[in-house]
1. Between the helical axis of 140-161 and the dominant principal axis of the chain, each derived from Cα atoms, what acute angle in degrees is found, rounded to the nearest 10?
2. Show which lysines lie in cross-link reach of Lys141 when reach means a straight Cα distance below 17 angstrom and same-chain residues fewer than eight apart are skipped.
3. If you consider only alpha-carbon coordinates, what radius of gyration and Dmax does segment 1-86 have, in Å?
4. Sequence gap at least 6, Cα distance under 8 Å: using those rules, report the relative contact order of segment 32-107 to the nearest whole percent.
5. Sorted by mean Cβ packing within 10 Å, highest first, what order do the peptides 68-75, 113-120 take?
6. Rg and Dmax of segment 164-208, Cα atoms, in Å?
7. Need one word for segment 68-121: rounded, prolate or oblate. Basis is the Cα gyration tensor (sqrt eigenvalues a ≥ b ≥ c); a/c below 1.5 gives rounded, then a/b vs b/c decides.
8. Remind me, relative contact order of the chain in percent, using alpha carbon pairs under 8 angstrom and six or more residues apart?
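What follows is calculated from the coordinates using simple rules that are stated; it is not laboratory data. All values reported here derive from a predicted model rather than from experimental measurement. Virtual Cβ from ideal backbone geometry, glycine too; neighbours counted across all protein chains shown.
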Amino acid sequence: MKSITDLLENNRIWAERISAEDPEFFSRLSHQQTPKYLWIGCADSRVPANEIVGLEPGELFVHRNVANLVIHTDMNCLSVLEYAVDVLHVEHIIVCGHYGCGGIAATLKQQSYGLVDNWLRHVGDIVNKYTRELSAMTSEKERSDFLCEMNVIEQVINVCNTTIVRDTWLRGQDVSVHGMIYAVEDGLLRDMHVHAASDADLQMLLRR
Ligand code: CO
């Protein structure tokens, strides 16, 4: 198992390697960040945002929490979203779920882990919405995969419904919201073809 000193050593080697490849890299980054993307993903250690989309420091603004939820009263997520859109002018917001999400599994199995149960209650609401579909499925994996996907769609809708994104569209600023899902098994990110770049797109999503 790695110790904290290993991490510091890893960091030193990493910084040296980057500087060797591009001596101006860190001094350039220290002056500004101009990411074009906001990533809203799960806190799961197997889904490291920058790495799986091949982006360098400075290219991806990131918010992660358990089960990649966008809750309308979560000031943490909303603050990230507002800063990303209003100050950094990101052009794309990616909500990324992943198959095998522990938060989704815990909700389906009604397992209790403490405080997080309250957070995951929001996933429980999605379970209630799709009770009919879920009860028709024969395996736990099928239910879990389905719920992981539906959760992404619900969170894309939640992003679009924030005052932040709605005001952005009203101003005519270009921001697109995308739903994606990652598979830990093969390392591949799948576009769920759930996109919204306007209120009209959002209305289409709500009618699907
Ligand atoms: Co997860």
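1. Here the helix axis deviates by roughly 70 degrees.
2. Qualifying lysines at Cα under 17 Å: Lys109.
3. Cα radius of gyration and Dmax of segment 1-86 are 15.5, 44 Å respectively.
4. Relative contact order here is 43 percent.
5. Per-residue mean Cβ counts within 10 Å order the peptides as 68-75, 113-120.
6. Gyration radius and largest Cα-Cα distance of segment 164-208: 13.3, 41 Å.
7. Verdict is oblate for segment 68-121.
8. The value is 20 percent.
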